[in-house]
Amino acid sequence: MSSASRKKPGFADWVRGSSVWMIHYCTACGAIELPPNMMSPLDLERWGVMPAPSPRQADVLVIMGYVTKKTLKVLMRLYHQMPEPRYVLVGCNCPATGGLYWDSYSTVKAIDEFLPVDLWVPGCMPRAEDWHMGFLRLREKIKKGDIRSPRPIEEPGELEEWIYREVKLREEKMRRERG
Amino acid sequence: MNKTVTVFLGPQHPGAPGNVSFKVVLDGEQVIDIDLIPGFLHRGFEKMMEYRRWDMDLVMSARICVEDPDHVELTYTHAVEQIFGIEPPEKAKYIRVIVAEFSRIASHLLWLMHFAGPIAARYAVGWAIAAREEVLKWFDYITGHRIYHHYIFPGGVRWNIPSDFKEKTLKVLKTIEPLVKDIEVGFFKHPVFQKRAMGLGRLKPTEAIRLGATGPTLRGSGICHDLRKTLGYDAYTELEFKIPRGEYGDAYDRAMIRINEIYESMNIIRQALEKMPMDGPYRWRLPMVMPEGEGIGRVESARGEFVAHIINYRGNQIGRRSLAPYRIKFRGPTMPLLTTILKYIVKNEDITIADLPVLIGSFDPCPPDIDR
Amino acid sequence: MVLKQLGLALKYLFRRPYTRMFPIKEEEYVTGRTRARHILYMDRCTGCTACQMACPADAIKMYYIEGDYPKNRRKIFPGIDYSRCTYCGLCVEACPVSALVMTSYTMQHLITDDKKTTLYTPEMLAKPPRGKHLVTLEKKTWTPPPAPLPKKR
Amino acid sequence: MKCFDAELLDKLPEKYRDKLCFVGSDTGKRHEVTVDPEDIREVLKTVLEAGYQQLVGITVIDYPDQGVFELVYMLTSIDKKGALVTIRTRILRDNPVIETVSDIYPLAYYQEIEAYEFFGIMFRGHNGLRQWILEDNWAGPPPLRKDVDTRKIVLELYYGGKRYERPVQNRSLEEHGSWGEKQ
């Protein structure tokens with residue numbers, strides 16, 4: 001945690017923390033525990049969390065489960081379409097360390113190489129209550145102004161290009177090793 | 001005036017059934033062609049399973065279709081049991097039927113989210129998810145996890161049922177039955193919904209067979225085909241049940257079949273509970289080393305025919321542990337639904353872009369079993 | 001007509017809400033079989049690495065630990081990476097001496113902003129969790145022992 | 001042999017009639033016949049006439065020690081209560097070319113694309129062989145071939161060769177602070 005990101009919470013932080021809209025993008029298998037959270041059984045809307053259909057209206061990018069290289073490109077694009085301030089919540093094990101698919105040739109092993117992650121919800125898959133607590137913890141963090149990293153302010157697209165380059169480099173390395 | 005527009009439906013779209021994309025060619029509002037773009041969920045299961053022992057592969061196989069994991073496990077289990085050449089104990093067969101049917105109920109209830117969601121019938125989704133929550137709690141009680149159960153295991157079921165299994169199961173059925181009835185009256189009998197779904201995306205029976213439809217999509221076209229009945233695996237031969245059948249093969253028929261299948265599943269579970277032997281062994285212990293051989297497991301899952309083809313061959317294996325199966329192939333029911341059938345319907349029927357999510361939802365697709 | 005549906009709507013208007021008031025009024029729903037955090041009994045562990053061999057996610061790493069453990073001559077113990085564990089229970093099934101058990105203590109305490117904290121060493125696993133929990137999965141869960149393999153037909 | 005399908009036996013080319021056998025147990029009961037790769041279209045046409053209207057899947061098995069790919073076409077019939085037929089054929093590993101059957105069974109179009117991208121098998125007469133599922137996900141030789149050791153590649157690429165460790169991160173937030181440096 002770099003000290004630069006800590007600042008005194010203000011009115012804006014309180015407001016932001018009270019209504020966290022997540023982007024409606026079911027990345028992978030973790031998404032199956034989101035319906036109980038969004039619908040009647042646990043009802044996250046009582047905490048002001050609800051799915052937004054487009055990235056332009058969303059505050060938080062929720063990554064649910066493993067991220068393949070093809071999905072990563074979509075995720076990066078979505079992340080850059082979201083307005084500031086934006087947060088990233090990562091559920092499940094696979095984006096953190098590779099998880100069960102640690103020897104898979106197509107998934108990304110550590111998502112925090114590519115996106116600044118605010119909160120990890122471990123578990124395979126996280127139970128519905130774990131997701132619920134994850135959102136509540138994120139809410140608290142936003143209210144305290146205690147977010148993980150300073151947000152990147154580079155030109156939109158610059159980072160995306162970097163990711164594309166990075167993925168391409170790895171693929172080339174793969175190809176070279178196979179001869 | 002023949003100007004066509006190409007748009008992408010998904011992967012980030014509330015109407016897309018999970019993480020999958022479609023390339024849609026439009027002429028005005030009319031959809032004239034559609035192409036599936038898969039690969040967003042590809043993990044290379046078949047390769048990863050070649051590195052792991054057969055009991056670890058069971059843990060992996062559940063991840064192929066998250067919405068209906070028990071049927072994938074059952075498919076894999078059948079194939080492995082054929083290679084070992086054993087039959088599960090009598091009690092385990094009945095427990096498998098009950099667990100698989102609950103999995104079917106949970107999957108059909110979740111399907112309402114894909115289907116009623118794009119129609120914006122949020123109330124139906126709410127009731128369905130509430131009913132599903134009861135099933136998930138039951139799963140947690142019996143198998144120890146809400147989604148990934150790993151309960152059906154080669155050689156039987158993994159551990160014994162608790163002593164109050166019967167009462168608990170009947171109680172769950174009693175809780176969800178009125179909810180399902182309310183969904184039927186409140187959503188499926190609703191005139192607005194009927195106007196929307198009736199006559200949408202008709203599929204003729206001959207075409208359905210030719211293009212490879214299985215499960216509720218095939219039955220919706222009026223063909224009485226169910227592997228539970230025809231193959232009679234596990235304890236299904238001992239149980240009486242009907243196969244719901246549609247008439248016109250439109251989205252409404254496919255939808256009604258699913259709601260009728262939920263009732264039939266409850267019926268099957270009640271019968272299985274009565275006929276089940278309460279004592280006796282529940283699992284045979286299998287050796288770590290799998291013999292050479294070949295097995296094909298075929299199961300009627302919530303979406304259709306799920307097939308696992310396992311070949312174990314101990315020739316000159318390059319860089320592999322000999323405990324792992326040589327080759328595993330899974331074939332999910334979603335592959336024909338989203339490729340051949342969707343393309344056929346779009347080309348032969350009047351489908352507008354607004355109807356497309358409803359049409360795709362009516363197939364109940366599960367994209368991970370295309371990608372694997 | 002829609003009168004039936006309207007009646008249904010009225011019926012649900014006077015129903016109690018279905019929502020579980022988690023986390024304020026209600027606790028998490030766990031059962032006597034919920035598979036969650038492990039406990040390692042270090043006095044029973046023999047260091048046979050059976051759990052490591054059985055893990056599909058390769059989440060278990062063996063650590064060398066100094067101390068007086070007569071049963072464990074090599075002094076290696078399993079540590080679990082909870083950012084990799086899938087809670088399948090195969091490690092508990094594989095353990096021949098019931099040194100590794102699973103409890104119903106679910107993973108909410110692991111939610112973190114630093115993913116290094118989810119890496120559990122044997123000492124951390126040996127301490128039972130502080131909250132309310134049940135031992136749900138152990139060697140005893142599989143008793144009576146499965147019968148031997150029958151010959152086919 | 002009471003489950004023997006007389007209609008299928010009649011329609012099959014004469015060459016293969018005595019090779020048809022009934023194998024398997026449980027849900028895997030099936031008729032099985034091994035054919036030459038040149039005759040695959042002819043055989044599948046007769047099987048379609050015999051009432052097996054659906055293609056379940058094409059399984060490809062790689063045998064590097066024998067130098068062949070084995071293709072298993074699984075066909076099922078709705079009228080005959082889900083009866084299964086498997087047609088097996090073997091093609092050389094060095095020159096994996098076989099005729100397409102996508103005009104006989106529509107689903108074969110997509111199954112053949114899968115076989116192409118995962119095993120590198122060429123289908124003569126198929127107009128859409130491309131990277132379909134593997135697009136963007138994998139660059140290199142067809143990954144399901146037995147001599148492509150993907151686990152070794154992944155271990156070296158992401159985990160530094162250490163199997164039970166966390167992945168090596170080239171870039172992380174704490175170490176480089178690269179997300180905020182530019183401000």
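Conditions first: (1) under 17 Å from A:Pro126 (Cβ atoms); (2) in a loop (DSSP other than H, G, I, E, B). C:Gln108 passes all but one, so which condition is the exception?
Unmet for C:Gln108, out of (1) under 17 Å from A:Pro126 (Cβ atoms); (2) in a loop (DSSP other than H, G, I, E, B): (2).
Which one of the conditions (1) closer than 24 Å to A:His132 by Cα; (2) assigned to a loop (DSSP other than H, G, I, E, B); (3) more than 9 Å from chain A (Cβ to nearest Cβ); (4) not hydroxyl-bearing (Ser, Thr, Tyr) does C:Cys88 fail to meet, given that it meets all the rest?
It fails just one condition, (3).
Regarding the range C:122-131, can at least one residue be identified that is modelled with pLDDT under 80 and either closer than 25 Å to A:Phe135 by Cβ or of a type in the set (Val, Ile, Thr) (or both)?
yes
Take A:Val90 and decide whether it is closer than 23 Å to A:Ser19 by Cβ, within 13 Å of chain D (Cβ to nearest Cβ), crowded, with 24+ Cβ neighbours inside 10 Å and of a type in the set (A, V, I, L, M, F, W, C).
Here the answer is yes, as A:Val90 does meet what is asked.
Conditions tested, residue by residue: (1) at pLDDT below 85; (2) touching a Cys at 6+ places or on another chain (Cβ under 6 Å).
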position: C:Val2; (1), (2): yes, no
position: C:Leu6; (1), (2): no, no
position: C:Phe22; (1), (2): yes, no
position: C:Glu28; (1), (2): yes, no
position: C:Gly32; (1), (2): yes, no
position: C:Cys48; (1), (2): no, no
position: C:Ala54; (1), (2): no, yes
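Which pairs have Cβ atoms under 6 Å, sit 6 or more apart or on different chains, and link a residue in the range C:51-76 that is within 13 Å of chain B (Cβ to nearest Cβ) and closer than 18 Å to A:Gly98 by Cα to one that is polar (S, T, N, Q) and buried (at least 21 other Cβ atoms within 10 Å of the Cβ)?
From residues that are within 13 Å of chain B (Cβ to nearest Cβ) and closer than 18 Å to A:Gly98 by Cα, the pairs are C:Ala57/C:Thr86.
Against the definition (away from chain B (no Cβ under 14 Å) and either hydroxyl-bearing (Ser, Thr, Tyr) or on the phi > 0 side of the Ramachandran plot (or both)), how does C:Thr117 come out, yes or no?
Judged against the criteria, C:Thr117 is a match.
B:Glu274: more than 14 Å from chain D (Cβ to nearest Cβ) and assigned to a loop (DSSP other than H, G, I, E, B), yes or no?
No.
Would you check if D:Glu49 is out of contact with any helix residue (DSSP H, G or I) (no Cβ under 9 Å at 6 or more places or on another chain) and modelled with pLDDT of 80 or more?
no
Would you point out which residue out of A:Thr27, A:Thr107 is among the hydroxyl-bearing types (Ser, Thr, Tyr), more than 14 Å from chain D (Cβ to nearest Cβ) and out of contact with any Pro (no Cβ under 7 Å at 6 or more places or on another chain)?
Exactly one residue qualifies, and that residue is A:Thr27.
Does C:Lys61 satisfy being in a strand (DSSP E or B) and modelled with pLDDT of 80 or more?
Considered against the rule, which asks whether it is in a strand (DSSP E or B) and modelled with pLDDT of 80 or more, C:Lys61 comes out as yes.
Within the range A:100-140, track down each residue that is closer than 26 Å to D:Gly161 by Cα, in a helix (DSSP H, G or I) and aromatic (Phe, Trp, Tyr).
If the condition is that a residue be closer than 26 Å to D:Gly161 by Cα, in a helix (DSSP H, G or I) and aromatic (Phe, Trp, Tyr), then A:Tyr101 is the only one that fits.
Can you find, within the range D:1-30, the residue that is modelled with the lowest pLDDT among those that are buried (at least 19 other Cβ atoms within 10 Å of the Cβ) and closer than 27 Å to D:Arg93 by Cβ?
Result: D:Gly28.
Take D:Gly51 and decide whether it is within 14 Å of chain B (Cβ to nearest Cβ) and in a loop (DSSP other than H, G, I, E, B).
Against the criterion (within 14 Å of chain B (Cβ to nearest Cβ) and in a loop (DSSP other than H, G, I, E, B)), D:Gly51 qualifies.
Out of the residues in the range D:55-79 that are at the interface with another protein chain (Cβ under 9 Å from one of its Cβ atoms), in a loop (DSSP other than H, G, I, E, B) and of a type outside the set (A, V, I, L, M, F, W, C), state the one that is farthest from the chain's Cα centre (by Cα).
Out of the qualifying residues, it is D:Asp79.
With the checklist (1) within 30 Å of D:Asp103 (Cβ to Cβ); (2) buried (at least 16 other Cβ atoms within 10 Å of the Cβ); (3) of a type outside the set (D, E, K, R); (4) modelled with pLDDT of 85 or more in hand, flag the one item B:Gly201 doesn't pass.
(4)
Among the numbered criteria (1) within 27 Å of B:Ala120 (Cβ to Cβ); (2) within 12 Å of chain D (Cβ to nearest Cβ); (3) of a type outside the set (Lys, Arg); (4) over 22 Å from the mean Cα position of the chain (by Cα), which single criterion is violated by B:Thr352?
The single condition B:Thr352 does not satisfy is (2).
So that you can scan it fast, the table gives a plain yes or no per residue for (1) part of a helix (DSSP H, G or I); (2) of a type outside the set (A, V, I, L, M, F, W, C):
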| site | (1), (2) |
| --- | --- |
| A:Ala31 | yes, no |
| A:Ser40 | no, yes |
| A:Val62 | no, no |
| A:Met76 | yes, no |
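So which of B:Glu81, B:Glu90, B:Glu29 is surrounded by 18 or more Cβ atoms within 10 Å (Cβ to Cβ), acidic (Asp, Glu) and touching a residue at least 40 places away in the same chain (Cβ under 8 Å)?
On inspection, the qualifying residue turns out to be B:Glu81.
The values are calculated or read from the model by the stated rules, or taken from the named source; none is laboratory data. As the structure is a computational prediction, the values presented were derived from the model and not from experiment. Reconstructed Cβ throughout: ideal geometry from the backbone, glycine too, with neighbour counts over all protein chains shown.
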